[in-house]
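Here the structure comes first, spelled out in structure tokens, and everything after it is commentary.
The values are calculated or read from the model by the stated rules, or taken from the named source; none is laboratory data. Computed from a predicted model, the values in this text were never measured in an experiment. Reconstructed Cβ throughout: ideal geometry from the backbone, glycine too, with neighbour counts over all protein chains shown.
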């Protein structure tokens, strides 16, 4: 408990007073996330007032994971201690994935030839969990854990959206507001406090964890959590989408260009079959990498200068 109090008392100060000089240790196109004690998940008071549920006729044919009833898996909030790590500043792009395919002979993902989605700087889509894992391993990386992903999206202040606590459609590609995915380095104003782009919208992103809707309710304080140790078998809904909802699932995060507004919060949890690229036109990933212990707190996140611009974006809770 003494250690916990110490971290709570000085964590933010340490974060804001890092004076690193050498950024050469940060891998290209990655962002350094310092070790921290942070809150993951959200409490019921945040979701009980949800009144605007955006549904299309297709979505009304099923109980979707962004419906009001589905928010229960986002809580309760709980503390986690995370070691320092790197995470990709951008979603993996088509041009990067093409290099991987040429080097390894890995097959092209679904929608590879779709002109709406195959621009060089657009995020790769139509990948299943194993495709994403293989790419990250090829780059000497891994998929982020769900806790790492959420921490990188929320920042030290625990934002509801990457840019602050109030929704702003200017900063996110969701709900077919645009006709397709956007370049991975676009919408800079919607970057997370650490400078990560498209942690809300554009494409859902695979993380490493198995999905368990009750996982947060069973979790209190933990260090470097990696999700449930075994997969949870989800039962069928008796609807059109039984083929999608039955079975063991991996977590996907962040919402997408075709998904509803409720999916783009930093706490929203979604799932998909790891062998399936369903929701594929809106499903991609980014990679992470554990920071070596000797780096300590000597590396400054490239996004820290953006903190001066955050005050105007913060909304009420």
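Suppose we filter region 122-162 for residues that are part of a loop (DSSP other than H, G, I, E, B), in contact with a strand residue (DSSP E or B) (Cβ under 8 Å, 6 or more places away or on another chain) and either over 29 Å from residue 101 (Cα atoms) or without any contact (Cβ under 8 Å) to a residue 40 or more places away in the chain (or both); how many remain?
So the count comes out to 2.
Please verify whether region 156-177 includes one or more residues that are closer than 23 Å to residue 231 by Cα, touching a helix residue (DSSP H, G or I) at 6+ places or on another chain (Cβ under 7 Å) and crowded, with 24+ Cβ neighbours inside 10 Å.
No, the conditions are met nowhere in region 156-177.
Working only within region 186-203, note down all residues that are in a loop (DSSP other than H, G, I, E, B) and closer than 19 Å to residue 176 by Cβ.
186, 187, 198, 200, 202, 203
Just name the residue that is nearest to the chain's Cα centre (by Cα) out of those in region 204-224 that are touching a residue at least 60 places away in the same chain (Cβ under 8 Å) and assigned to a strand (DSSP E or B).
Going through the qualifying residues, I end up with 205.
Of the residues in region 181-203, how many are at negative phi, in contact (Cβ under 8 Å) with a residue 24 or more places away in the chain and either touching a helix residue (DSSP H, G or I) at 6+ places or on another chain (Cβ under 8 Å) or surrounded by fewer than 24 Cβ atoms within 10 Å (Cβ to Cβ) (or both)?
15
Is it true that residue 206 is farther than 23 Å from residue 86 by Cβ, touching a helix residue (DSSP H, G or I) at 6+ places or on another chain (Cβ under 7 Å) and modelled with pLDDT of 95 or more?
The answer is no for residue 206.
Take the conditions touching a helix residue (DSSP H, G or I) at 6+ places or on another chain (Cβ under 9 Å) and either at pLDDT below 95 or part of a loop (DSSP other than H, G, I, E, B) (or both) and apply them to residue 115. Does it pass?
Answer is no for this residue.
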